[in-house]
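**Q** This is the structure I have questions about; it appears just below.
The values are calculated or read from the model by the stated rules, or taken from the named source; none is laboratory data. All values derive from a computational prediction rather than experimental measurement. Cβ placement follows ideal geometry from the backbone for every residue including glycine, while neighbour counts extend to all protein chains displayed.
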Amino acid sequence: MGVSFLTPHAGLLALAALVPLAALLLAERRAAAIRRAFALRGPRRRALVPVVLALVLLPSLVAVAAAQPVVVRNRQLTQRTDVQVMFVLDTSLSMEARTGRRGATRLERAKLDALRIFRTLGDVPAGVASMTDRTLIHLLPTTDPTLFARTLRQSIGIDRPPPSQLYNGRATTVQALETIDEENFFPPSVRKKILVVFTDGETQTNSIKLTIRQEEIIPPLLVHVWAPTEQIFVHGRPDPHYQPDPTSSANLQAFAGITGGKAFEENQLSNVEAAIQEQAGRPTSHQTITAATRIPLAPWFVLGGVLPLGFLLYRRNL
């Protein structure tokens, strides 16, 4: 464990403390001259010590925060090298549908489902990707639970990134999954590649009907995240242009049949976990890696700056 700074040059901001200190010195000299002219006694010098400390401490804390200090903790992790899992989450606009204004969106439920399944993988590395009319990787396969959860929370969102083209209707196409093997989302050395896709199945009309040879795509485990009563809410009101697609489940079943994969409903996560374990099989090779976890400290230094700032504002009003 150790402390490092992501942007150490930003620490030079501490030199900004020279500006208020110079202003304080100039003000005190002028005040001393006025007191001498009127034969008045001034305050003791030690009365200025708290002010000087506050003027130095405030920009120093901000400078340290700007330098982005982090606590780096290294851990030794053992992971399998013969198998990897890639979780692909549909991030199209329809995944924002929910039951009621305060219900969880389809994408939020998909994130929770992916995290639940990840926790059952043990030493099997898993990555994260998003899908609309293209599939983009966000996290290379890892066994680090903190990194996996943070990627789901911070990187996966509706239309983040947006589709590569503008669409009047649906943007999602399951054919985007073809690029996963073509663009080497998995290292060539991995023998068992497992693809888990969370989608509502509301794809472009001709997406499922197109003929796809089974060898062109990794047989996916499709998780249908969908409910018939869900709506997309815009400013608290249901979007009149959106209606759930009742054929979405059949679409995924058809696609699974074409590609040699399997389709599940979101209440069948236990079956998905069993299918992953079946495909992963028994381990044949392992490796030990060093995983680094970073804990940011900058927010605490910014919060600490409230104390000298509050003192200066209080003294100013005396």
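**Q** Test residue 29 against the criterion of being modelled with pLDDT of 90 or more and either assigned to a loop (DSSP other than H, G, I, E, B) or surrounded by fewer than 15 Cβ atoms within 10 Å (Cβ to Cβ) (or both), and give yes or no.
**A** no
**Q** Just to check your reading of the model, which residue among 153, 119, 109, 102 is more than 30 Å from residue 242 (Cβ to Cβ), assigned by TED's automatic domain parsing to the domain that holds residue 217 and among the charged types (D, E, K, R)?
**A** Checking each option against the conditions leaves just 119.
**Q** Which one is surrounded by the fewest Cβ atoms within 10 Å (Cβ to Cβ) among residues in the stretch 97-126 that are of a type in the set (D, E, K, R) and not in a helix (DSSP H, G or I)?
**A** Only one residue tops the list, namely 102.
**Q** Also: Given the conditions (1) at pLDDT 95 or above; (2) surrounded by fewer than 19 Cβ atoms within 10 Å (Cβ to Cβ); (3) over 24 Å from residue 283 (Cα atoms), which single one is not true for residue 89?
**A** Just one mismatch for residue 89, condition (2).
**Q** Give the residue that is surrounded by the fewest Cβ atoms within 10 Å (Cβ to Cβ), with candidates limited to residues of the stretch 201-226 that are modelled with pLDDT of 95 or more and part of a loop (DSSP other than H, G, I, E, B).
**A** Checking each candidate, the answer is 226.
**Q** Can you find, within the stretch 140-186, the residue that is modelled with the lowest pLDDT among those that are in a strand (DSSP E or B) and surrounded by fewer than 19 Cβ atoms within 10 Å (Cβ to Cβ)?
**A** Once the filter is applied, the top-ranked residue is 160.
**Q** A follow-up question, please. Please go through (1) at positive phi; (2) at pLDDT 95 or above for residue 124 and return the number of the only condition it doesn't satisfy.
**A** With respect to (1) at positive phi; (2) at pLDDT 95 or above, residue 124 is out only on (1).
**Q** Looking at the stretch 250-266, which of its residues are surrounded by fewer than 17 Cβ atoms within 10 Å (Cβ to Cβ), on the phi < 0 side of the Ramachandran plot and of a type in the set (Gly, Ala, Ser)?
**A** Hits for the stretch 250-266 are 250, 254, 257.
**Q** Within the stretch 74-96, work out how many residues are assigned to a strand (DSSP E or B), under 20 Å from the mean Cα position of the chain (by Cα) and polar (S, T, N, Q).
**A** 0
**Q** Can you report the number of residues in the stretch 244-267 which are polar (S, T, N, Q), within 14 Å of residue 106 (Cα to Cα) and touching a strand residue (DSSP E or B) at 6+ places or on another chain (Cβ under 9 Å)?
**A** 1
**Q** Applying the selection to the stretch 244-292, what residues are small (Gly, Ala, Ser), within 26 Å of the chain's Cα centre (by Cα) and in a helix (DSSP H, G or I)?
**A** Residue satisfying the conditions is 270 alone.
**Q** Would you point out which residue out of 65, 129 is crowded, with 18+ Cβ neighbours inside 10 Å, over 30 Å from residue 283 (Cβ atoms) and small (Gly, Ala, Ser)?
**A** After ruling out the rest, the residue left standing is 65.
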